[in-house]
Structure formats: C-alpha cells, structure tokens
Number of protein chains: 2
Amino acid sequence: MNSYDAIVIGYGPCGVSCAVYLKRYGHNVCLVGKDMGALSKAHSIENYYGIKSISGADLFNEGINQAKGLNIPVIDDEIVSIEYGDNGYIIKGTNNIFSAKVVMLALGVSKNKFNLASKYEGIGVSYCATCDGFFFRKKKTAIIGSGEYMKHELEVLENIIPDLTIFTNGNELSFKPNDNIKIVKEKIISFNGDEKLESITTESNTYEIEGCFIANGSAGGFSFAKHLGFMLDGNYIVVDKDMKTNIPGIYAGGDCIGGLLQVSKAVSDGAIAAQSISKYLKK
Amino acid sequence: MNSYDAIVIGYGPCGVSCAVYLKRYGHNVCLVGKDMGALSKAHSIENYYGIKSISGADLFNEGINQAKGLNIPVIDDEIVSIEYGDNGYIIKGTNNIFSAKVVMLALGVSKNKFNLASKYEGIGVSYCATCDGFFFRKKKTAIIGSGEYMKHELEVLENIIPDLTIFTNGNELSFKPNDNIKIVKEKIISFNGDEKLESITTESNTYEIEGCFIANGSAGGFSFAKHLGFMLDGNYIVVDKDMKTNIPGIYAGGDCIGGLLQVSKAVSDGAIAAQSISKYLKK
C-alpha cells in the first residue's frame, strides 16, 4: 500500500492543477484517474486563457505531462471505495490500494446521472451497497451499471440479496457475473412508483423492482462518495469557498461540485483546494 | 465616444478571459488596459494548468493575441473615472471616452496599497476628490500619486482647495502641476494622528496634513471604483458568487477581489463573470 500526504482522484484540469500546487507546496501527492472525462468530447477549446486553440485530448495530455514533469506519480486506476483508515483514508482502486491523509475529489461529472431515479432516492434508490444492501435483502433488487464500480458494488450485494438484476442501460458488461444474476441490457426509460420505487421500464419491458443501486459510475464515478456521507446538492458535491466538503480531510473541485463546467473554473478550484489542503496538512 | 455592450477594464488573465467568453457569447465587448500588472513580475509561471512553463510577459502577450484573434478591440489607456450614463456607464480614459451597459473590473492589485493610510479612511483619508474635496476646502491637504489618475483627481481638488501638496512617494511626476501646488517627492514613512489624520512623515520631514487623497492608482487603480460606492473589504472589491458587485451592471474579478492571487483563479473569475454578464445583457 502506497502512502501519501494527499491523493487526488481524477487527473483532468482540476486534479492536475491541485496536484501541481500541492507538489510545489512540498507535499507528497499522487494523481489517480481513469479517463480524460469531459475533455475527451472537446474537439477544440478556444476559451482557456493563454492557449488560443487546443483539443481536449491535447490539453489533457499537456496536463499529465506537466504533473509527470514535477515527478508526481500518475496512476491509471478506477477508484471504487474510500474508507476511514488509522491515519486518514484508505482508497481502493481496482488495481491499487492507497492511504492518504487527505483526499481531493476531482471527479468530473458523470455522463449518466440517472436524474430519472433521483426522486426515488431513499425510497428504493440507493448509491451505497454497503450502507443499504441489508434493507433490500428480501426484495427484487436492481443494480445499474456495467463497469468496475458496479462489479465492486455487486460483490457486496450478492452476499445479501438473492434476487438481483443487473441493468446495463444499453452498455456492454465489462465482466461476467455469476449465473444466478439476471442481466438486462436495454436502455432504461423510466423509474416508476407512487410512494416508493415499484418498477423500472426499459425500451421493451417493465420489471418489478423495489430496490435499486445506482453504480453506473461512468466518467465521474462520484457515486462512491455517498458512502462517506457527503453533503450533496443534486448530483454535485457541496463544498465551502475553500473547497472543503463536510468531511474533514476530503476536498472537492471541478465539475463534480457544479457551477461553471469549464476548464478555467476547474483549474482554479484545484489551485484553491491545494491551498487549503496544504494548510490542513501543516496542522 | 465608442459604445459597447461591455467594457472590460484590465487586460490581464481575468480581463482577457472575461472578454473572450463575452465575445463568444455574441456580445460587443472591448478590452482596455494600461500595463501587464502583476504578471510583469513573474519570471516563470509553472503552476498554470496546460502550460508547463511561461514567463508572465509571454503569458500576457498570448492573452492579448488571443483577444485580438477574436477581433476584440484591445485599447491601451488608463481609466480615470466611471460615471452613470443614460444607457449604462460612461467610462473615461486619459485618451478615450467609452459608454457601456456593463463594466467589468479586472484591475489586478495595486502595488501601493497605502495600508499605512487605511486606518485614517473617513477621518482624513479619502479616495474620491469629487466626493470629499469640499470637506477639506480650508485644510492643508495632500494628494498622493504621480500619474494620470492623480492628475485627474488634482484637477478636481485645485478648484476647491487652496493649500495642496502632492506627495509622489518617491516617484517622478508624469506632468507639470500649476505653480501654487507644493510637491514632495520623498517616500512616505507614516501617517500620523490620534483620532484623525494630523501629519504625514516622509524620509526626512513631517508635514502637517489634515486631508489626504489617495490617487496613486498604480497597477490596479481600483481607487476610482470608490467613487461609485462599491462595497469593499479592505482594498478588495466585494462580489457575490457570480462576480457581481453591489452596483447593478458592474462586475469584478481577479486579484482586485482578493482570494487566491493566482492566474488560474483570475481566469476562472473572468469566465464566471462573463456568464453572469451575458445573462444580465440578455434581460
């Protein structure tokens, strides 16, 4: 297990900016990310000060090289959980385990927000298998997702809930689940129910479902953040002006905290967060 | 007189970022500035996302070219006043007069803040000749500054106050004042007085002074902002999260609003301001 002063999750503009500042403040920092997030969709960025025109991919690569040029470890991995540890936090990826005194969340925004599901949060819809799996142990339960994060949540639920259906929402599964797990690969059209979740409708069917775990976690993957009890505003993580979340030692910035979803604002969030993280580490 | 939707005062990172966004939002915007401000002191910037290493001067020039590349008029001038006009604001420079529905202040920070003087604000020290000149008409009065902005303030005071002394604070005067004006070119060491301003001490003398107008306006030149009744926090302009000042149609960002005095934060402020200015202009 690698130990750091700070681990920055997400290596887009916010994450790299934060890591660069932290490194230059003299802290032992590590960058972990899994893809270039929203930058991958930007063919040409022409509104970022100091650079007339650049593709999202090129800007992303410039950022990664900038971090590497300062000897910041840049690790490709998908983080699936953050837990309290003896000396800060234990951060688990699919291939690595890290410990860090401080966690910076620079997660970007999830492509699949499941706003459809949001009205059933707490009345059928959950974002945390560990927290809520037990409540649905005798119910027909869905888990939504197709990748590594879903696999991680599924492993928790399998031990608790016998009747499980994976909804991939139109995506291909990245792994083969156990045979007793049902799989629905169609896109989800609606979540239904009067006072609580009762069913999920896909393109050609409606399934009786009373419990549903959102574990799509694509692009942003903020879902796991709910495990620790973050204050959220819709799908955005709530921070104060110093980029502190409500949990000591955990900071957030960039698109995952909302506001202007632009490179410039993400970069600034990262710099501001680094300043407050540095103060926190020096205490 | 040139009319614009928005005039951005200051063409450093915040100003250019704001103007670029406004232009791309389809607004008729103009950039006015007088120097490269704090960037001129940065030999090498290595913590701005996407650019490994660049001098402050090179980054400044990149920004100016970026604005020009979008056909934004970039005008070299020192703004000396902002006044309410029929259709927004009248903005006077030493060589130009502009009108604009919206003013964005991206002024940077003043090199000479005269923190020494701040405890006498309202009890001898003023930032506005037009507002406060009359109160000192029978007193020994100082005006601090050496450049165009001071000249502008002096023209107001000359008509009101017979006993005037210019304190250049060690700088050379950029113009020749009338003969009845006294001139002190030494650096100021302290402002003195128990309950109100009584004297100013320079390197080799103490001068009896009861009224003092701060018009140094170097680099930032936020001083004139006080004319309009901005809410200030110390020397910083107070804005809300959308970069609005307390005066409708006037916005501010970058170093002149305080917080992290870094390029990244200034650029973000400019982008956020542009978004709210655009909303305001569309109403």
Discussion item. I'd like the full set of residues that are in contact with a Ser or Thr (Cβ under 8 Å, 6 or more places away or on another chain) and either within 18 Å of B:GLY234 (Cβ to Cβ) or at the interface with chain A (Cβ under 8 Å from one of its Cβ atoms) (or both), limited to region B:267-279.
Written reply: B:VAL267, B:SER268, B:ASP269, B:GLY270, B:ALA271
Discussion item. Just the residues that are over 16 Å from B:ILE51 (Cβ atoms) and free of Cβ contacts under 8 Å to residues at least 24 places away in the same chain, please, taken from region A:27-52.
Written reply: A:SER40, A:LYS41, A:ALA42, A:HIS43, A:SER44
Worksheet entry | Whichever residue in region B:37-76 is among the basic types (Lys, Arg) and more than 7 Å from every other protein chain (Cβ to nearest Cβ) and, among such residues, is nearest to B:ASP5 (Cα to Cα) | B:LYS68
Fill in: For A:ILE237: the one exception among (1) away from every other protein chain (no Cβ under 13 Å); (2) closer than 25 Å to B:GLU46 by Cα; (3) surrounded by 18 or more Cβ atoms within 10 Å (Cβ to Cβ); (4) of a type outside the set (Asp, Glu)
(2)
Worksheet item: Taking A:THR130, is it under 28 Å from A:ILE209 (Cα atoms), hydroxyl-bearing (Ser, Thr, Tyr) and in contact with a Leu (Cβ under 7 Å, 6 or more places away or on another chain)?
Response: no
Item to complete: Would you mind finding the one in B:CYS14, B:CYS30, B:CYS18 that is of a type outside the set (Val, Ile, Thr) and over 30 Å from A:VAL16 (Cα atoms)?
Response: B:CYS30
Practice prompt. Determine which single condition A:TYR84 fails, assuming it passes every other condition in (1) in contact with a helix residue (DSSP H, G or I) (Cβ under 9 Å, 6 or more places away or on another chain); (2) more than 28 Å from A:PHE60 (Cβ to Cβ); (3) not assigned by TED's automatic domain parsing to the domain that holds A:ASP240.
Written response: (3)
Fill in: Residue selected from region A:106-123 under the condition in contact with a helix residue (DSSP H, G or I) (Cβ under 6 Å, 6 or more places away or on another chain) and at pLDDT 85 or above, by the criterion farthest from A:ASN235 (Cα to Cα)
A:ALA106
Worksheet, complete the sentence: Selection over region A:6-18 where residues are farther than 16 Å from A:LEU70 by Cα and more than 14 Å from chain B (Cβ to nearest Cβ) yields a count of 1
Worksheet item: Residues in region A:149-185 that are of a type in the set (Asp, Glu) and modelled with pLDDT of 95 or more: how many?
Response: 1
Discussion item. So A:LYS139 passes all but one of these: (1) buried (at least 21 other Cβ atoms within 10 Å of the Cβ); (2) in a loop (DSSP other than H, G, I, E, B). Which condition number does it fail?
Written reply: (1)
Item to complete: Within region B:55-78, identify whether any single residue is of a type in the set (A, V, I, L, M), in the same structural domain as B:GLY249 (by TED's automatic domain parsing) and more than 17 Å from A:TYR49 (Cα to Cα), and answer yes or no.
Response: yes
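The values are calculated or read from the model by the stated rules, or taken from the named source; none is laboratory data. Quick caveat: nothing in here was measured; it's all calculated off a predicted structure. No Cβ is skipped: glycine too gets one built from the backbone with ideal geometry, and neighbour counts run over all protein chains shown.
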